[in-house]
1. Could we say that Leu375 is assigned to a loop (DSSP other than H, G, I, E, B), within 13 Å of ligand 2 (Cβ to nearest atom), crowded, with 23+ Cβ neighbours inside 10 Å and not assigned by TED's automatic domain parsing to the domain that holds Gly150 here?
2. Across the range 241-264, what is the total count of residues that are at pLDDT 95 or above and either acidic (Asp, Glu) or more than 23 Å from Asp160 (Cα to Cα) (or both)?
3. Scan the range 315-328 and tell me whether some residue there is within 14 Å of ligand 1 (Cβ to nearest atom), under 18 Å from Leu375 (Cα atoms), among the polar types (S, T, N, Q) and at pLDDT 95 or above.
4. Report, by residue number, each residue of the range 252-304 that is under 24 Å from Ala236 (Cβ atoms), within 13 Å of ligand 2 (Cβ to nearest atom) and exposed (fewer than 15 other Cβ atoms within 10 Å of the Cβ).
5. Can you find even one residue in the range 315-331 that is in contact with a His (Cβ under 9 Å, 6 or more places away or on another chain), over 17 Å from Arg364 (Cα atoms) and of a type outside the set (Ser, Thr, Tyr)?
6. Give the range 125-143 a look and list any residue that's touching a residue at least 60 places away in the same chain (Cβ under 8 Å), in a strand (DSSP E or B) and surrounded by fewer than 22 Cβ atoms within 10 Å (Cβ to Cβ), or say none.
7. Are there any pairs, at least 6 apart or on different chains, whose C-beta atoms fall under 6 Å, with the first in the range 300-319 and under 25 Å from Leu330 (Cα atoms) and the second more than 16 Å from ligand 3 (Cβ to nearest atom) and among the β-branched types (Val, Ile, Thr), and if so, which?
8. One residue is enough: does the range 331-350 have a residue meeting the conditions within 16 Å of ligand 3 (Cβ to nearest atom), among the small types (Gly, Ala, Ser) and assigned to a loop (DSSP other than H, G, I, E, B)?
Amino acid sequence: MMLSSRTLNSFPLVLALLVLTSAGVHAQDEQFLVLPQLAAGGLDPTISGEILVVNQGYDDAATVEVSFIASDGQPLELNSDGGAVTGLDFALAAGRSRSVPFDLDGQPTATGYARIAFPVGASVRATLILRIVSGGSLVTQIGVPAQIPGNNFTFAAKVDSASGLKTGLAVANGSFQLQNTPDPQAQGIVVDLINPDGTIRESTVLQLGQNEHQPIFLDELFNGLGDFVGSVSLSAGIDFGVIGLLQESIVLSSLSIDTGPNFAAFDFRDSIPVPLSEVEPNDTPNEAQVLTLPARIQGAISVVAEADFFQIQATAGQILTAYTVTQNSLLDSYLTLETPAQALPPQALNDQNGLLVRSDSFLRMRISADGTYLLRIEDFFFDGSLSHTYELLVRLD
Ligand SMILES: [Ca+2]
Ligand SMILES: [Ca+2]
Ligand SMILES: [Ca+2]
C-alpha cells in the first residue's frame with residue numbers, strides 16, 4: 001500500500017503509539033511532487049517555461065509550496081510572478097489550477113529541479129511545459145508530468161551516435177521523504193543499463209549530495225556508449241526523482257518514466273534453488289537472524305504486528321539488492337534497512353516495488369559505510385497470519 005493510506009486512514013491511535021515507540025511507522029502531514037529537470041535563461045537558445053499546478057481532489061490545499069532548486073542543492077532564483085524568486089507559496093482550493101511561469105531573460109542558463117509540497121489529503125498534480133527558442137523560432141516544446149518521488153524507476157533508452165540520437169537523464173536527490181523516515185541525505189543512485197533480453201549490460205552509481213541534481217547523457221554515464229536500445233533502471237535507498245530525455249539534433253523530447261525496477265534483471269531466485277527457512281525468534285534487533293550472502297529465505301509474518309529481523313555485514317561501496325516476493329501470500333511487505341542503533345531512522349525503506357498489482361518490496365542501493373545492518377520485514381497494516389508468507393532475497397555486489 002502507499003504510505004499515505006497507512007498514515008492517513010488506518011489505525012490513527014495505533015500509529016500515534018507506534019511513532020512514540022519508534023516502531024517504523026510514519027506520521028505524515030506533507031506530500032511531494034518533483035519536476036526533475038528545470039532550465040531557464042540563455043541567449044540563443046533561450047529556455048523558459050511554466051508549471052501548471054492543479055488541485056484535482058475534493059479537499060482544499062491550504063498551502064502549495066513550489067520551490068526552485070539549483071543543481072548544487074541551493075535555492076535557484078528565477079523570474080516568476082513579477083519578481084526574482086526561489087519559489088512560490090499559494091493556497092489552491094479544490095478544482096483550482098494555477099500557472100507558475102518562469103524565465104531568466106538575458107542571463108546565462110541555469111539548471112535544477114522543482115519540488116512541490118502540499119498537505120496530505122489534497123490531490124495536487126502538476127505539469128511542466130518547457131520551451132526552447134532559437135533564432136527567434138520555437139525549436140522545442142515539451143510537457144512533462146510531475147512525478148511522485150520513489151526509489152525505483154525504469155525508462156526506455158536509445159542511443160545511436162551515427163544519427164546523433166542521444167538519451168539523457170536528470171536525477172533530483174531532493175527532500176521528498178516522509179517524516180520519521182530517512183532524512184534527505186547524500187546517496188548513490190544505482191543506474192543499470194538493461195539489454196533488450198533483460199540482462200544487465202552495465203551498472204554505475206550517480207553519487208549526489210543532499211538536495212543535489214544532476215543531468216547527464218548515457219554516453220557520459222556509461223563511457224562511450226554509442227549504440228544501444230533497451231531500458232534504464234534506477235534505484236536508491238530513499239526517494240528521488242528522475243526524468244529521461246531524448247535528443248536528436250536540436251529537438252528534445254521527454255521520455256515516459258515508469259515506477260519500479262526492471263525486476264527480472266535483478267531477480268536471482270534461480271541461482272539458489274533451495275531456500276532456507278527463517279529461524280524464530282527474530283522479532284527484535286538483538287534476535288536478528290544472521291545471513292550468509294547471497295541468501296534466499298522463506299518466512300512468514302505469522303502473528304499480528306510481527307517483525308522479522310535479518311543481519312548482514314556490508315562494506316562501503318557495495319551494492320545491496322534486497323527484495324521480497326509475496327506471490328500467493330496475504331502479506332503486504334514493508335522492507336527497511338536499519339543500523340543496530342535503533343534510535344536512528346532507517347537507512348532505506350521500500351513498501352511497494354512499483355510493479356503493477358504487486359505489494360512486495362524492492363531495495364537496490366549503494367552502501368555508504370562499513371558496518372552491520374539489519375533488514376526488517378513487516379506487514380504494511382501490521383497484520384499477520386500463517387498465510388502472510390514471503391521470500392526474502394539478499395545479495396551484495
Ligand atoms: Ca517470522
Ligand atoms: Ca519474527
Ligand atoms: Ca508493500
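The values are calculated or read from the model by the stated rules, or taken from the named source; none is laboratory data. The structure displayed is predicted, hence computed values, not measured ones. All Cβ positions, even for glycine, are placed from backbone atoms using ideal geometry, and neighbour counts span all protein chains on display.
1. Details: assigned to a loop (DSSP other than H, G, I, E, B): no; within 13 Å of ligand 2 (Cβ to nearest atom): yes; crowded, with 23+ Cβ neighbours inside 10 Å: yes; not assigned by TED's automatic domain parsing to the domain that holds Gly150: yes.
Criteria not met by Leu375.
2. 7
3. We begin by selecting, within the range 315-328, every residue within 14 Å of ligand 1 (Cβ to nearest atom); these are 324, 326.
With the extra rule that they be under 18 Å from Leu375 (Cα atoms), the set shrinks to 324, 326.
Okay, now just the ones that are also among the polar types (S, T, N, Q), so 324, 326.
Add one more test, that the residue is at pLDDT 95 or above, and what stays is 324, 326.
There is at least one residue in the range 315-328 that is within 14 Å of ligand 1 (Cβ to nearest atom), under 18 Å from Leu375 (Cα atoms), among the polar types (S, T, N, Q) and at pLDDT 95 or above.
4. Scanning the range 252-304 gives no hits.
5. Taking the range 315-331 and keeping what is in contact with a His (Cβ under 9 Å, 6 or more places away or on another chain), we get 326, 329-331.
If we keep only those that are over 17 Å from Arg364 (Cα atoms) too, we end up with 326, 329-331.
Among the residues that remain, those that are also of a type outside the set (Ser, Thr, Tyr) are: 330-331.
Yes, the range 315-331 contains at least one residue that is in contact with a His (Cβ under 9 Å, 6 or more places away or on another chain), over 17 Å from Arg364 (Cα atoms) and of a type outside the set (Ser, Thr, Tyr).
6. First pass over the range 125-143, keeping only residues touching a residue at least 60 places away in the same chain (Cβ under 8 Å): 125-135, 139-140, 142-143.
If we keep only those that are in a strand (DSSP E or B) too, we end up with 125-134, 139-140, 142-143.
Answer for the range 125-143, where residues must be touching a residue at least 60 places away in the same chain (Cβ under 8 Å), in a strand (DSSP E or B) and surrounded by fewer than 22 Cβ atoms within 10 Å (Cβ to Cβ): Arg125, Thr127, Ile129, Arg131, Ile132, Val133, Ser134, Val139, Thr140, Ile142, Gly143.
7. If the second residue must be more than 16 Å from ligand 3 (Cβ to nearest atom) and among the β-branched types (Val, Ile, Thr), the pairs left are Gln311/Val290.
8. Residues of the range 331-350 that are within 16 Å of ligand 3 (Cβ to nearest atom), as a first pass: 331-337, 346, 348-350.
If we keep only those that are among the small types (Gly, Ala, Ser) as well, we get 333, 348.
Going one step further and asking which of them are assigned to a loop (DSSP other than H, G, I, E, B), we end up with none.
Among the residues of the range 331-350, not one is within 16 Å of ligand 3 (Cβ to nearest atom), among the small types (Gly, Ala, Ser) and assigned to a loop (DSSP other than H, G, I, E, B), which makes the answer no.
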